[in-house]
Amino acid sequence: MEDLSLATREVAGHTVVEVRGEVDVYTASLLRERLLAVIDGGAGRVVADLRRVDFLDSTGLGVLVGALKRLRMSGGDLVLVCDNEKLLKIFQITALDRVFALHSTVEAATSPPAG
Amino acid sequence: MPTVRLAFSSVPRYVRTARLVAVAVARRAGVPEDMLDEVRLATGEACGAAVARHRRHRIAELVRVEMSDDGPYVVRVIDACGDQHTARHPAGHDEEAEDADRMHEALLAALVKDLEVRKGEDGTEVRMVWPVRRRLSGI
């Protein structure tokens, strides 16, 4: 499945999953498996970097929400990095921009809150 | 009547093919460039939901897509999952799928101003319409 690629790295105590390509009904299962593996591996603060995602449908949104719920149950969190207007519009339409913390850079997503 | 028809088995990878075809036909039909992303996402949503319904309720029939441009651009996505199938093979509880269904409905309603969803005994039809810019002939 070359239409989606995933890379995981650690940044400032966060596990960053970089997602590239199209997240849809075909590839969403790969993203689900990766996020579950990261969470089951003990990661509590997870960042999904979506800046190189060029298509995201409701199946992909369902995977992100599922991972968020799982993390929050154990005191963790999933934050998103997204600077693509098309994707941001999808988060606004579905009101998920009020559910997820959205940042435009990985640095902002992994920085401790100011104050 | 200039119409493009596509039928595919309920396999997720074919949803991408349907998206690509819908956008290619939309472009040729004269749908404005700034609406092509909406065509792509909405067609993907409608086809993805049809495939999911077929798989959840164990329906072997093909999902059909019809694209017609002899007026405004009309995309119809027709599946074979009707009330009789959902009653025969009810889907199990799946929280992620239920969340995705809610977002699917929100996306379709927001992306397509002219949207009609008809659910019947034999299946579901999603009809989506976009305006086109007509080119002057001979130019």
### Task
Consider just the alpha-carbon atoms of the stretch B:29-139 and return their Rg together with their Dmax, both in angstrom.
15.8, 57
### Message
Taking θ = phi - 60°, what integer Hz values does the Karplus form 6.51 cos²θ - 1.76 cosθ + 1.60 yield along the stretch B:56-67, in sequence order, with x for Gly and Pro?
### Response
4, 10, 6, 10, 8, 5, 7, 8, 10, 10, 10, 10
### Query
Tell me, what HN-Hα J-couplings in whole Hz come from the Karplus equation 6.51 cos²θ - 1.76 cosθ + 1.60 at θ = phi - 60° for each residue of the stretch B:68-81, using x for Gly and Pro?
10, 10, 8, x, x, 7, 10, 10, 10, 10, 10, 10, 10, 9
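Could you give the C-alpha radius of gyration of the protein assembly as shown expressed as a fraction of 2.2 N^0.38 Å, taking N as the number of residues it contains?
Working: Rg = 19.5 Å, N = 254, 2.2 N^0.38 = 18.0 Å.
So the Cα radius of gyration is 1.08 times the expected 2.2 N^0.38 Å.
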### Message
Run the numbers for residue B:98 and residue B:134: contour at 0.36 nm per residue of separation, minus the present Cα-Cα distance, in nm.
### Response
8.9 nm
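Return the calculated 222 nm mean residue ellipticity for the protein assembly as shown, to the nearest 500 deg cm²/dmol, obtained by summing -39500 (n - 2.57) across DSSP H runs with n ≥ 4 and dividing by the residue count.
Value at 222 nm, helices only: -13000 deg cm²/dmol.
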### Helix B:95-111 vs. chain B, principal-axis angle (Cα, 0 to 90°, nearest 10)
20 degrees
### Query
What FRET efficiency, computed as 1/(1 + (r/R0)^6) with R0 = 30 Å and r the Cβ-Cβ distance, is obtained for residue A:99 and residue A:36, rounded to the nearest 0.05?
0.95
### Query
Under the definition of Cα pairs under 8 Å and six or more residues apart, what whole-number percent is the relative contact order of chain B?
28 percent
### Query
Regarding chain A, what whole-number volume in Å³ per residue does the convex hull of its Cα atoms give?
98 Å³
### Task
Using Cα pairs closer than 8 Å and at least 6 residues apart in sequence, work out the relative contact order for the stretch B:93-133, in percent.
27 percent
### Nearest-ten-degree value, helix B:13-29 long axis tilted from longest Cα axis of chain B
20 degrees
### Summary
Comparing A:43, A:95, A:28 in a Gaussian network model of chain A (Cα, 10 Å), the one with the largest mean-square fluctuation is A:95
### Query
Whose amide H sits under 5 Å from the amide H of residue B:123, counting only residues 5 or more places off or on another chain, with H placed in the peptide plane?
B:82, B:83
### Query
Mind checking which of B:32, B:90, B:72 has the largest fluctuation in a GNM of chain B, springs on alpha carbons under 10 Å?
B:90
## Note on the structure
Expected vector for the stretch A:15-21, Karplus 3J(HN,Hα) from phi with 6.51, -1.76, 1.60 and θ = phi - 60°, integer Hz, x for Gly and Pro, equals 9, 9, 9, 8, 10, 10, x
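Here, each number is a calculation from the coordinates, and none is a lab measurement. Fair warning: this is a prediction, and the values are worked out from it, not measured in the lab. Methodologically, a virtual Cβ is constructed for each residue, glycine included, from the backbone with ideal geometry; neighbour enumeration extends over all protein chains shown.
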